[in-house]
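The block underneath contains the structure these notes are about, expressed in structure tokens.
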Amino acid sequence: MNHMHTPSPVVDMPVRRSPFRQSLLVRLSMMFALGGLLVVAILLIGNRVLEDAKQRLEDTVIRQVQPLAATHRLQTRSNELRTLELELPTVRDVFALPQYAERMQVEIEAMTAELTPFLAVLASSRPDDARRLERHWASYRGDLQEVIRLAGKMDLAAAEAITSTRTRTAHAAISSILRELVGATEQAATEAYRQARDEQQRQQRFFLILSLGGFLFLAAGLVIFARSLSRRLRTVRDAATRLAAGEHRAPIAISGNDEISDLGQAFNAMQEIVVSRERSLRAAQEELEDRVAQRTQALATANARLWMLSQAVEQNPIGVLIASADRSVEYANAAYVRVTGRPADARLASSLPEAADPERSREVDAAFRAALLAARDWDGERRSRRPDGSEYWEHVRLVAMRTEQGRPEHLLLMREDITERRTQEEKVAYQAYYDGLTALPNRTLALDRLQQATGRATREGTMCAVMFIDLDNFKQINDTLGHVAGDELLCQASVRLRSVIRAEDTVARLGGDEFLIILGVAQASDADAVATKIIQAFAPPFQIEGREFAASPSIGVSLFPDDGNDPSVLLRNADLAMYEAKDAGRNTFRFFNQKIHDDSVARMEMERELRGALERGELQVHFQPLVAARDGRLVGAEALLRWTHPLLGRVPPDRFIPIAEQSGLIVSIGNWVLDQACTHAARWREACGGEFVIAVNVSPRQFATPGLVDTIRACVERHAIPRNQLEIEVTEGLLIRNPGEVREAMLALEAIGVTVALDDFGTGYSSLSYLRAFPFHTIKIDRSFIRDLSEDAEDCALVVAAIRMARALGLRVVAEGVETEVQSRFLTLQESDVLQGYLFGPPIPPEDFVADWVHNPTRKAFSS
Ligand SMILES: Nc1nc2c(ncn2[C@@H]2O[C@H](COP(=O)(O)O[C@H]3[C@@H](O)[C@H](n4cnc5c(=O)[nH]c(N)nc54)O[C@@H]3COP(=O)(O)O)[C@@H](O)[C@H]2O)c(=O)[nH]1
């Protein structure tokens, strides 16, 4: 069985897949790009926020510092003016005084120029201070202008007076306001700075949080991605581990549409292939293991066989010698030494035994040597001699053992001691051709001799005679004295036959009490003389077991070439002539002639006609009444077969029944008669009273046919007639042929209630032993004894004795052939039970039997 599996096709496993392809690279790139963008965004935002915070801080500083600086500058200028104002009255140099005045004027202008925007700004945040400062400046400037004017007039004292009073107050007020402003501005600046710094710190925290959030988001994204990556890779890894461990599970399901899902799919495909391969591998392995087991088994068997064969060769009674192609002996078993009587030599040629009869073995030996030289198979038989002088028959067989290429590699030489077989064969051959009892040639050899004799006669232009001899009373002697006596008679008869012929002629025993003589004769009269001599040779009685017995021969003679060319034809014609001699009264001889031939042909033709008679409706069954002797009442009928041939007319049963018997046709015909008889008996039984018995003749051939009892039983059951109302009539001849089987069949019939009658009683041996040995119910005294009852006292005595004997044995007696009243009265007086004969009625067709008998069972009895 082939367990190889082809890998199954890879099937896509059911996985959740995104409709969009996202390779890991793309995803990672996207992730990093996103992360980068996030970082950049965070940085930009952070930078921006910090910049803003810083800007705001700077702005705040600037915003706060500018008024402070302006305030400081105004302070400085006002102080400068005060200084100039105070110095001016002290200037003693008239020429330098204008310059001072001018400087003061410039300073006033600068102060005014600087103060104007300052006031504008201050008015928005501190309007009171702005008004106060403006008012004080205006007052101070006016005073200074006055000072300058007074200085110009050189009124320094006035100027000094103003500077030491009024300007001092104004300047002090301005300085005070400016100091206040400085203080307030410093406080505001500090506050603004603090706020700006707080804002900046908030922005920094926000940036930090944003950065942290961005980082966390990025980290989370990375973690999720990594986890997903890891989980899916783990799935593949676990599956791969399981696969490696030989555990096969269902295909794995990897979500996504990237390299890992591809990997999952590839894994599934690989797993499928691996599983399939593994299955194939396992199947292949199992197959391999099977094969190995088989081979191992085969090897073991072969080894055992080899051992057995070697034992067989070793123990073989046939001598076996193996030689190499160059005829060096390599092996010889024990039997080889035993058969040939000497050890095997190193060279094959010198190992061969000596011929017992070199002259007769010459051809065989030459053929053997040629086969040996050519290294080809050969076998033959020869008679050989051992070194100790004993001779034996051996069957020699040479076998060239060849390589596959046909080159002879070894020579196998087998020598079998066949002495026993040859002896046996000679014996068998003898038995095949000779009769074991008389040592005469048997039928086979006789036919062979006849063939030779006809050949010789043809060549020499002479004749030969074939004599078929049958011993007339052999059966009687054999049956009464037993087989040993019968054998003795045959042996003595064969000696007598041998004594009357020449050595070159043949006496053979064909079987039983039949002998054949083959003579070479010049003319028919020579055969006549020999036949006469045979009759004479048998004339003296035979001495058997101390008693004398007469045994005459009936001889039929056929001549070659007149009566046939073929041995079997000559034999058959001699056989026919022998029957003619028997019919002529026995103890005589007859030559085959045309009449015998014609009779034989007529018999054959009758047989041919008889074959289809039943189908053509030419057969009928007639019934003859059986009447009770005491009152003439009808007690039964005998069924008797009739044949009316369209050309031959009525053929008497005596003529066609033997032919039917010989040809075997009697079996089917007899079954038909039985059926007809039972059919009619069933119809008539009622009318004839319960005792009506139908008698049917059953021939020896029917008895020899298996299943007769079953056929009879089936017939009786089919027609529903009581079994004891059927009687089977058999003749004595039946009992002689097969007593054991016939008795068994009769017992079987008795067991089913069918009775058996012994027909034609008195014509054979009518031995009492038969009547005791077989379960008969009735004897039928043959009509030949009844016929001469009134004239022949012997017949009379015989009939009386038969009736008494039957009575003593409890048998019913039927007397047949009763034709006269005298016979009838006598038989009635002698207490015969049943009478049958023309006196009461002949066999008649069934319709006549119905009219004549069934309707009036007592009508005809004693009517004549
Ligand atoms: N196996 C079978 N044998 C059969 C069957 N039918 C007949 N036979 C046998 O044939 C033999 C000749 O029979 P058949 O010619 O029929 O003669 C019978 C009677 O007709 C004859 N018979 C009877 N009464 C008289 C008489 O008063 N005178 C006289 N001359 N003949 C008479 O006897 C024969 C009775 O036969 P059986 O009782 O059987 O001896 C004969 O041997 C038949 O058995 C058949 O179907 N099967």
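The values are calculated or read from the model by the stated rules, or taken from the named source; none is laboratory data. Predicted model only: the values in this text are computed from it and were never measured. Quick reminder, even Gly has a Cβ in these numbers, built from the backbone with ideal geometry, and neighbours come from all protein chains shown. These area figures cover heavy atoms from the full protein model, side chains too; ligands, DNA and RNA do not enter into them. Shrake-Rupley method; radii C 1.70, N 1.55, O 1.52, S 1.80 Å.
Considering 563, 470, the condition of being under 27 Å from residue 459 (Cβ atoms) and surrounded by 19 or more Cβ atoms within 10 Å (Cβ to Cβ) is satisfied by 563 alone. Give me the pairs, please: first residue somewhere in segment 108-120 and more than 17 Å from residue 68 (Cα to Cα), second residue anywhere and open to solvent by less than 70 Å² (accessible area, probe 1.4 Å), beta-carbon distance under 7 Å, and either six or more positions apart or on two chains. What qualifies is 108/81; 108/144; 110/77.
Checking each residue in segment 424-482 for being closer than 30 Å to residue 394 by Cα, of a type in the set (S, T, N, Q) and out of contact with any Asp or Glu (no Cβ under 8 Å at 6 or more places or on another chain) picks out 424, 431, 444.
Filtering segment 701-728 to residues that are over 15 Å from residue 664 (Cβ atoms) and of a type in the set (A, V, I, L, M, F, W, C) leaves 709, 712, 714, 715, 716, 720, 721, 726, 728. Residue check: residue 339 meets all listed conditions (1) part of a helix (DSSP H, G or I); (2) loosely packed, with under 12 Cβ neighbours inside 10 Å but one, namely (2). Considering (1) surrounded by fewer than 16 Cβ atoms within 10 Å (Cβ to Cβ); (2) modelled with pLDDT of 85 or more; (3) farther than 30 Å from residue 58 by Cα, the lone condition that residue 90 does not fulfil carries the number (2).
Is it the case, given these coordinates, that residue 482 is free of Cβ contacts under 8 Å to residues at least 60 places away in the same chain, within 60 Å of the chain's Cα centre (by Cα), surrounded by fewer than 20 Cβ atoms within 10 Å (Cβ to Cβ) and closer than 21 Å to residue 586 by Cα? Show your work before the answer.
Details: free of Cβ contacts under 8 Å to residues at least 60 places away in the same chain: yes; within 60 Å of the chain's Cα centre (by Cα): yes; surrounded by fewer than 20 Cβ atoms within 10 Å (Cβ to Cβ): yes; closer than 21 Å to residue 586 by Cα: no.
Spelling it out, it is not the case that residue 482 is free of Cβ contacts under 8 Å to residues at least 60 places away in the same chain, within 60 Å of the chain's Cα centre (by Cα), surrounded by fewer than 20 Cβ atoms within 10 Å (Cβ to Cβ) and closer than 21 Å to residue 586 by Cα.
Take the residues of segment 733-750 that are surrounded by fewer than 19 Cβ atoms within 10 Å (Cβ to Cβ) and within 15 Å of the ligand (Cβ to nearest atom): which is nearest to residue 638 (Cα to Cα)? Steps first, please.
Keep residues of segment 733-750 that are surrounded by fewer than 19 Cβ atoms within 10 Å (Cβ to Cβ), which gives 733, 736-741, 743-744, 747-748, 750.
Subset that is within 15 Å of the ligand (Cβ to nearest atom): 733, 737.
Details: 733: 20, 737: 25 Å.
Out of the qualifying residues, it is 733.
Candidates are the residues of segment 674-701 that are charged (D, E, K, R) and more than 12 Å from the ligand (Cβ to nearest atom); the one that is least open to solvent (accessible area, probe 1.4 Å) is 685.
Residues in segment 702-723 that are within 27 Å of residue 833 (Cβ to Cβ), of a type outside the set (A, V, I, L, M, F, W, C) and open to solvent by 20 Å² or more (accessible area, probe 1.4 Å): how many? Give the derivation first.
So the first thing to find is which residues in segment 702-723 are within 27 Å of residue 833 (Cβ to Cβ), and the list is 702-703, 708-709, 712-713, 715-716, 719-723.
Still in the running and of a type outside the set (A, V, I, L, M, F, W, C): 702, 713, 719, 722-723.
From what is left, the residues that are open to solvent by 20 Å² or more (accessible area, probe 1.4 Å) are 713, 719, 722-723.
Residues meeting the conditions: 4.
Flag: residue 367 does not match the condition of being among the aliphatic types (A, V, I, L, M), part of a loop (DSSP other than H, G, I, E, B) and closer than 20 Å to residue 418 by Cα.
Looking only at segment 645-656, which residues are open to solvent by less than 40 Å² (accessible area, probe 1.4 Å) and assigned to a helix (DSSP H, G or I)? Break it down stepwise before answering.
Pass one, segment 645-656, residues open to solvent by less than 40 Å² (accessible area, probe 1.4 Å): 645, 649, 651, 656.
Scanning segment 645-656 gives a single hit, 656.
Do we find a residue being among the hydroxyl-bearing types (Ser, Thr, Tyr), farther than 30 Å from residue 36 by Cβ, open to solvent by less than 80 Å² (accessible area, probe 1.4 Å) and part of a helix (DSSP H, G or I) anywhere in segment 211-230? It would help to see each step written out before you state the result.
Filtering segment 211-230 down to residues among the hydroxyl-bearing types (Ser, Thr, Tyr) leaves 211, 228, 230.
Now restrict to residues that are farther than 30 Å from residue 36 by Cβ: none.
No, segment 211-230 contains no residue that is among the hydroxyl-bearing types (Ser, Thr, Tyr), farther than 30 Å from residue 36 by Cβ, open to solvent by less than 80 Å² (accessible area, probe 1.4 Å) and part of a helix (DSSP H, G or I).
For the structure I just gave you, tell me whether residue 185 is open to solvent by 60 Å² or more (accessible area, probe 1.4 Å) and more than 60 Å from the chain's Cα centre (by Cα). Criteria not met by residue 185.
Regarding segment 837-860, can at least one residue be identified that is among the charged types (D, E, K, R) and within 26 Å of residue 771 (Cβ to Cβ)? No, there is no match, as no residue in segment 837-860 is among the charged types (D, E, K, R) and within 26 Å of residue 771 (Cβ to Cβ). Considering only segment 819-847, state which residues are among the charged types (D, E, K, R), outside any loop (DSSP other than H, G, I, E, B) and within 14 Å of the ligand (Cβ to nearest atom). Listed by number, the list holds a single entry, 821. Among residues of segment 38-51 that are closer than 12 Å to residue 204 by Cβ, those with a beta-carbon under 6 Å from a residue that is part of a helix (DSSP H, G or I) at least six positions away or on a different chain give the pairs 46/207; 49/203; 49/207. For beta carbons closer than 7 Å, sequence separation of 6+ or different chains, a first residue in segment 140-155 that is open to solvent by 70 Å² or more (accessible area, probe 1.4 Å) and a second that is in a helix (DSSP H, G or I), the qualifying pairs are 141/108; 141/112. Taking segment 372-391 as the range and being of a type in the set (Gly, Ala, Ser) and modelled with pLDDT of 90 or more as the test, the residues that pass are 380, 384, 389, 390. Each residue in segment 682-698 was checked for being under 58 Å from the mean Cα position of the chain (by Cα) and modelled with pLDDT of 95 or more, and 3 of them qualify. Set side by side, the residues 629, 639 differ, and just one is near the ligand (Cβ under 10 Å from one of its atoms) and not basic (Lys, Arg), which is 639. Residues in segment 618-644 that are open to solvent by 50 Å² or more (accessible area, probe 1.4 Å) and either assigned to a helix (DSSP H, G or I) or farther than 17 Å from residue 677 by Cβ (or both): 630, 631, 633, 644. Restricting segment 511-557 to residues that are open to solvent by 20 Å² or more (accessible area, probe 1.4 Å) and of a type in the set (Ser, Thr, Tyr) leaves a set whose member that is farthest from residue 435 (Cα to Cα) is 525. The set of residues in segment 751-782 being modelled with pLDDT of 95 or more and open to solvent by 30 Å² or more (accessible area, probe 1.4 Å) consists of 777 alone.
Run down 243, 309 and say which single residue is free of Cβ contacts under 8 Å to residues at least 12 places away in the same chain and either in a helix (DSSP H, G or I) or exposed (fewer than 12 other Cβ atoms within 10 Å of the Cβ) (or both). Sole residue among the options that is free of Cβ contacts under 8 Å to residues at least 12 places away in the same chain and either in a helix (DSSP H, G or I) or exposed (fewer than 12 other Cβ atoms within 10 Å of the Cβ) (or both): 309.
Can you tell me which residues in segment 542-573 are polar (S, T, N, Q) and part of a helix (DSSP H, G or I)?
So in segment 542-573, the residues polar (S, T, N, Q) come out as 543, 552, 554, 558, 565, 568, 573.
Matches in segment 542-573: 568, 573.
Taking (1) open to solvent by 50 Å² or more (accessible area, probe 1.4 Å); (2) touching a residue at least 24 places away in the same chain (Cβ under 8 Å) in turn, residue 396 satisfies each apart from (1).
Is it fair to say residue 278 is farther than 30 Å from residue 368 by Cα, modelled with pLDDT of 80 or more and open to solvent by less than 70 Å² (accessible area, probe 1.4 Å)? Break it down stepwise before answering.
Values: farther than 30 Å from residue 368 by Cα: yes; modelled with pLDDT of 80 or more: no; open to solvent by less than 70 Å² (accessible area, probe 1.4 Å): yes.
It is false that residue 278 is farther than 30 Å from residue 368 by Cα, modelled with pLDDT of 80 or more and open to solvent by less than 70 Å² (accessible area, probe 1.4 Å).
So in segment 312-331, with the set limited to residues that are within 18 Å of residue 418 (Cα to Cα) and in a helix (DSSP H, G or I), which one is farthest from the chain's Cα centre (by Cα)? Per the criteria, the residue is 315.
Only residues that are among the hydrophobic types (A, V, I, L, M, F, W, C) and modelled with pLDDT of 95 or more: list them for segment 635-655, please. Selection gives 637, 639, 640, 641, 643, 651. Among the residues making up segment 657-673, those that are at pLDDT 95 or above and either within 8 Å of the ligand (Cβ to nearest atom) or surrounded by 22 or more Cβ atoms within 10 Å (Cβ to Cβ) (or both) are 657, 660, 666, 669, 670, 673.
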